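The values are calculated or read from the model by the stated rules, or taken from the named source; none is laboratory data. On a predicted model such as this, the values are computed, not experimentally measured, just so you know. Cβ sites come from the backbone with ideal geometry, for glycine too, and all protein chains shown count toward neighbours.
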Amino acid sequence: ILNVEQSPQSLHVQEGDSTNFTCSFPSSNFYALHWYRWETAKSPEALFVMTLNGDEKKKGRISATLNTKEGYSYLYIKGSQPEDSATYLCAPISNFGNEKLTFGTGTRLTIIP
Amino acid sequence: EAQVTQNPRYLITVTGKKLTVTCSQNMNHEYMSWYRQDPGLGLRQIYYSMNVEVTDKGDVPEGYKVSRKEKRNFPLILESPSPNQTSLYFCASKGQNNQPQHFGDGTRLSIL
């Protein structure tokens, strides 16, 4: 089982504030990293696919960076809105030639209006 | 519309009564997978399949079976369900390489 850690486990942020959280994973045999957004009572939806060290991806107010050498990725949300409330999951994929996926336990973000 | 469809969405049943949760995708994806989600444990992979007739164990395969006779379908079978299999189950599929997964809407199973 791949050791994936996400921190913090939960986060409460005032509307309008910016925030960020972390996904840590083994740096050896890295292949790719996926970020997903999971709203309550819905299914997870893909946010970003990241592959290269130094990658930075952006979608609206949400962006992510990747450091494959040290084994972490940051997700940033600028100017948080109530609709950003969700659990954010990361899933690193290792280069073992298979597609066994391990998700982190997620960061549960709550935006306070 | 591209989608992953799971059935049933909800099921309450009793210990030992065989059940099957179906999963179907219309995106011609090679890869399909089953997960269970439990409080505090996140999504854990049960089984996955990289193509027709190719299946492999995930992290928590005990008590489950799968089959992949056709590309679009990947049913999850509980031959003799037990209460510790009460959970929320998700099926997902994806295309090749780095494509992200598309998830179904989930199936909530309660085993009494």
All strands (runs of 3 or more DSSP E) inside chain B with 1 or more residues being free of Cβ contacts under 8 Å to residues at least 60 places away in the same chain: B:19-25, B:31-38, B:42-51, B:54-57, B:76-78, B:87-94
Identity of the residue in the stretch B:28-41, loosely packed, with under 15 Cβ neighbours inside 10 Å and more than 8 Å from chain A (Cβ to nearest Cβ), that ends up modelled with the lowest pLDDT: B:39
Out of A:85, A:73, A:63, sole residue that is surrounded by 20 or more Cβ atoms within 10 Å (Cβ to Cβ), within 30 Å of residue B:3 (Cα to Cα) and among the polar types (S, T, N, Q): A:73
Qualifying residues in the stretch B:42-79 (those that are over 15 Å from residue B:31 (Cα atoms) and among the acidic types (Asp, Glu)) - the one farthest from the other protein chains (Cβ to nearest Cβ): B:79
Subset tally (residues that are within 19 Å of residue B:103 (Cβ to Cβ), in a loop (DSSP other than H, G, I, E, B) and at pLDDT below 95) for the stretch A:71-105: 7
Those residues of the stretch B:56-112 which are more than 30 Å from residue A:47 (Cβ to Cβ) and aromatic (Phe, Trp, Tyr), in sequence order: none
